[in-house]
Amino acid sequence: MNFKIIAIDGPTGVGKSTIARQLAEKLRFLYVDTGAMFRCLAWSWGKKGCPESDELLTELGNQTRIVFEDEFVICDDTDVTQEIRTERISKLASKISRFTLIRKVMKNQQRALVEEVRKSESYPGAVLEGRDIGTVVFPAAEFKFYIDASPEIRAKRRLLQLQEHCEEANYEDILTALRKRDFQDQNREVAPLRPAENAIIVDTGKLNAQQVLEHLLDCVAKEKGVSQPGVQ
Ligand code: DC
């Protein structure tokens, strides 16, 4: 089988997860949320008091068991689906993702996961979303997308989301937090966030989620003849 890998990278709050999940569903590919993997490690790291020694970080990376079951994320036998989305874990994930050792473990696990699926022929391909998929983890991916939008637009969308859930939120606070995460992701020494060479850059500023999805599906269909099952 001609297994295909689609890498989707981009900054925080740009809607990558929604797009990647829908794209994977349409193509019947495996969907891998690599941010959730970092968040699980952060959850486990927090419980252990955030040790920074090489030995303990390696142990944490190698021993934390992360399982995706439908829409649930299970870490060390605990359902962490909700908890890993909290602000506390977002901050810890951003912190732990700077360690070279942790990035290496994550890269190897992500590659191993895809290799297993490729060998088992259970999916015709995989969509992985994160920050360094096209640059580091799968630089030879068949498709590399970089999804972008200005911090102001991302902050406005986030504000609307929170307001829809009747949560208290302030635009300036959201914008400041987004800019801080962007800075950390773009300026870390290892695997900084940037578009991969030959990545297709998609500015979602003037597009809604459906339009972005259609654009990605078009790019995939045009370039390598991958079509949606059941669609001519
Ligand atoms: O995409 P997210 O917000 O769930 O990611 C959580 C954190 O993990 C974020 O601070 C960036 C980091 N991350 C990373 O460094 N590399 C990835 N491939 C995915 C996420």
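Just one of the numbered conditions (1) without any contact (Cβ under 8 Å) to a residue 24 or more places away in the chain; (2) within 13 Å of the ligand (Cβ to nearest atom) is not true of residue 154: (1). In the range 12-33, of all residues being within 11 Å of the ligand (Cβ to nearest atom) and modelled with pLDDT of 95 or more, the one that is nearest to residue 208 (Cα to Cα) corresponds to 20. In this structure, residue 82 does satisfy being out of contact with any strand residue (DSSP E or B) (no Cβ under 6 Å at 6 or more places or on another chain), within 16 Å of the ligand (Cβ to nearest atom) and more than 27 Å from residue 143 (Cβ to Cβ). From the list 161, 184, the one residue that fits, being at pLDDT below 95, on the phi < 0 side of the Ramachandran plot and over 17 Å from the mean Cα position of the chain (by Cα), is 161. Looking at (1) outside any loop (DSSP other than H, G, I, E, B); (2) touching a residue at least 12 places away in the same chain (Cβ under 8 Å), which one does residue 25 not meet, given that it meets all the others? Here residue 25 meets the rest and fails (2). Among the residues of the range 47-87, the ones that are in a helix (DSSP H, G or I) and over 17 Å from residue 106 (Cβ atoms) come to 5 in all. In this structure, residue 117 does not satisfy being within 16 Å of the ligand (Cβ to nearest atom) and surrounded by fewer than 20 Cβ atoms within 10 Å (Cβ to Cβ).
Mind checking whether some residue in the range 34-41 is over 24 Å from residue 212 (Cβ atoms) and either within 17 Å of the chain's Cα centre (by Cα) or more than 16 Å from the ligand (Cβ to nearest atom) (or both)? Yes, the conditions are met somewhere in the range 34-41.
Would a scan of the range 121-136 turn up a residue that is farther than 18 Å from residue 21 by Cα, touching a Lys or Arg at 6+ places or on another chain (Cβ under 8 Å) and in contact (Cβ under 8 Å) with a residue 24 or more places away in the chain?
yes
Does residue 99 satisfy the criteria of being closer than 23 Å to residue 144 by Cβ and either at pLDDT below 95 or surrounded by 15 or more Cβ atoms within 10 Å (Cβ to Cβ) (or both)?
Criteria not met by residue 99.
Checked against (1) exposed (fewer than 15 other Cβ atoms within 10 Å of the Cβ); (2) within 13 Å of the ligand (Cβ to nearest atom), residue 51 meets all criteria but (2).
For the range 168-182, the criterion of being farther than 16 Å from residue 90 by Cβ, exposed (fewer than 15 other Cβ atoms within 10 Å of the Cβ), within 12 Å of the ligand (Cβ to nearest atom) and not aromatic (Phe, Trp, Tyr) is met by none of the residues. May I ask you to verify whether residue 165 is away from the ligand (no atom under 16 Å from the Cβ) and either among the β-branched types (Val, Ile, Thr) or surrounded by 13 or more Cβ atoms within 10 Å (Cβ to Cβ) (or both)? Here the answer is no, as residue 165 does not meet what is asked. Comparison of 131, 111 shows that the only residue that is within 13 Å of the ligand (Cβ to nearest atom), crowded, with 19+ Cβ neighbours inside 10 Å and under 17 Å from the mean Cα position of the chain (by Cα) is 131.
The values are calculated or read from the model by the stated rules, or taken from the named source; none is laboratory data. Keep in mind the model is a prediction, meaning the values are calculated, not measured. Here the Cβ is made from the backbone with ideal geometry for all residues, glycine too, and neighbour counts use every protein chain on show.
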